[in-house]
């Protein structure tokens with residue numbers, strides 16, 4: 001497997017992860033979506049990308065949840 005093929009596979013995995021995250025969190029509030037994805041091990045930057053939000057807004061919500069003891 002060459003580098004180009006590996007990059008293509010990783011890009012496809014990234015797209016599938018995005019689709020699964022969006023579909024799997026439909027119907028939830030943004031707060032609950034962020035919490036679920038955070039608990040699933042995604043970084044704030046990854047969560048922001050999947051939810052079409054800014055990394056800053058995700059970090060703010062996570063910070064608020066930590067202050068309330070929800071994380």
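The values are calculated or read from the model by the stated rules, or taken from the named source; none is laboratory data. The shown structure was predicted, so the numbers you read here are calculated from the model rather than taken from an experiment. Because the Cβ atoms are built from the backbone with ideal geometry, glycine has one as well, and the counts that use them run over all protein chains shown.
Couple of notes before you dig in:
- Any pair with Cβ under 6 angstrom, 6 or more apart, that starts in the range 38-60 at a residue that is surrounded by 15 or more Cβ atoms within 10 Å (Cβ to Cβ) and ends at one that is in a loop (DSSP other than H, G, I, E, B): 48/54
- Residues in the range 49-60 that are at pLDDT 95 or above, within 24 Å of residue 15 (Cα to Cα) and not in a loop (DSSP other than H, G, I, E, B): 55, 56, 57, 58, 59.
- Residue 63 part of a helix (DSSP H, G or I), surrounded by 13 or more Cβ atoms within 10 Å (Cβ to Cβ) and free of Cβ contacts under 8 Å to residues at least 12 places away in the same chain: no
- Members of the range 1-48 found to be under 15 Å from residue 71 (Cβ atoms) and in a helix (DSSP H, G or I), listed by number: 31, 32, 33, 34, 35, 36, 37, 38, 39, 44, 47
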